[in-house]
Amino acid sequence: MGKPIRIRYGTGEHHFADLRLPKCEQLHPVVIVIHGGFWKAQYGLDLMDAMSDDLAERGFATWNIEYSRVGHEGGGYPGTLIDVGRAVDHLREIADEYRLDLGHVYTIGHSAGGHLALWTAGRHRLPAGSVVSAADPLPIHGAVSLAGANDLHLMWEVRQVESPVVGFLGGTPDEVPERYALASPAQLLPLGVPQALIHGLDDVDVPPVLSSSYREQAVAAGDQVEWIELADVEHFKVIDPASEAWPPIVAALLNLYGK
């Protein structure tokens with residue numbers, strides 16, 4: 001695997017992503033990697049460098065995306081979601097040059113990035129003409145949420161003091177219900193895409209109920225969802241390829257890929 005290739009998908013300061021390619025000649029399945037940080041400006045895509053490297057070594061092209069966050073011009077709702085959608089759809093523009101297999105595209109995200117990984121997989125469920133929808137979103141074939149804030153209503157309920165969801169969406173569910181309806185994966189169910197939810201049981205930043213409750217809703221709606229609990233694992237261990245949390249994450253991704 002060579003040096004990451006930084007590619008711009010727009011004109012904004014944060015409109016770029018790092019592409020890593022595996023050492024093989026055939027078409028590359030693609031993993032879109034989405035960092036978290038409660039949608040805030042102080043966290044960036046470097047959080048996901050190690051796991052992007054690891055997945056590229058395993059034969060996936062990784063597309064580690066950056067996007068405008070709360071605190072940036074144009075960040076928060078709807079800009080953050082628009083940026084992520086544009087970054088994902090830009091894969092069409094570079095697929096031929098880098099031998100990307102757009103028939104096998106997966107998302108994997110951590111924390112707020114876990115929310116975005118599921119939201120990206122459900123973009124086709126957004127109402128046409130909404131501020132965050134796209135006419136022809138790139139199809140996603142599987143999504144992995146690592147310690148994800150998968151249900152924004154529930155995330156607000158468990159973190160109402162200095163709520164990161166309120167910071168992201170600009171209000172509570174009662175104040176801006178239409179934003180929650182468009183931004184929360186739980187509101188877009190069924191996604192119609194296989195999903196894996198992985199959560200450490202020692203996570204105090206995003207409690208495991210954000211995954212277990214979402215899974216119940218997704219399965220009831222008809223989605224195929226794998227739920228993996230990791231004992232003695234805290235919030236950031238799930239993005240550390242050197243940790244004991246990493247092998248089951250890789251296994252879940254390979255299961256989505258069909259390997």
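The values are calculated or read from the model by the stated rules, or taken from the named source; none is laboratory data. Everything numeric in this text was worked out from a predicted model, so none of it was measured. Positions of Cβ are backbone-derived with ideal geometry, glycine not excepted, and every protein chain shown enters the neighbour counts.
The listed residues are 197, 256, and the only one of them that is among the hydrophobic types (A, V, I, L, M, F, W, C), touching a residue at least 24 places away in the same chain (Cβ under 8 Å), touching a Ser or Thr at 6+ places or on another chain (Cβ under 7 Å) and crowded, with 19+ Cβ neighbours inside 10 Å turns out to be 197.
Considering the conditions (1) closer than 13 Å to residue 112 by Cβ; (2) buried (at least 22 other Cβ atoms within 10 Å of the Cβ), residue 29 is excluded by exactly one of them, (1).
Beta carbons closer than 9 Å, at least 6 apart along the sequence or on distinct chains, pair a first residue in segment 208-222 that is on the phi > 0 side of the Ramachandran plot with a second that is outside any helix (DSSP H, G or I) and among the aliphatic types (A, V, I, L, M) for 222/189.
Restricting attention to segment 157-186 and to residues that are over 16 Å from the mean Cα position of the chain (by Cα) and polar (S, T, N, Q), the residue that is farthest from residue 243 (Cα to Cα) turns out to be 172. Of all residues in segment 217-259, those satisfying the criterion of being modelled with pLDDT under 95 and within 16 Å of residue 142 (Cα to Cα) are 258, 259. Selection of segment 223-259 for residues being outside any loop (DSSP other than H, G, I, E, B), touching a strand residue (DSSP E or B) at 6+ places or on another chain (Cβ under 8 Å) and under 18 Å from residue 49 (Cα atoms) yields 237, 238, 239, 249, 253. Here residue 63 meets the list (1) closer than 27 Å to residue 136 by Cβ; (2) in a loop (DSSP other than H, G, I, E, B); (3) aromatic (Phe, Trp, Tyr) almost entirely, failing just condition (2). Considering the conditions (1) under 21 Å from residue 239 (Cα atoms); (2) at pLDDT 95 or above; (3) assigned to a loop (DSSP other than H, G, I, E, B), residue 191 is excluded by exactly one of them, (1). Can you tell me which residues in segment 5-52 are part of a loop (DSSP other than H, G, I, E, B), of a type in the set (A, V, I, L, M, F, W, C) and over 19 Å from the mean Cα position of the chain (by Cα)? Scanning segment 5-52 gives 21, 24, 27. As a summary of the residue check, residue 68 satisfies the conditions (1) in contact (Cβ under 8 Å) with a residue 60 or more places away in the chain; (2) within 28 Å of residue 203 (Cα to Cα); (3) among the small types (Gly, Ala, Ser); (4) not in a helix (DSSP H, G or I) except for the one numbered (1).
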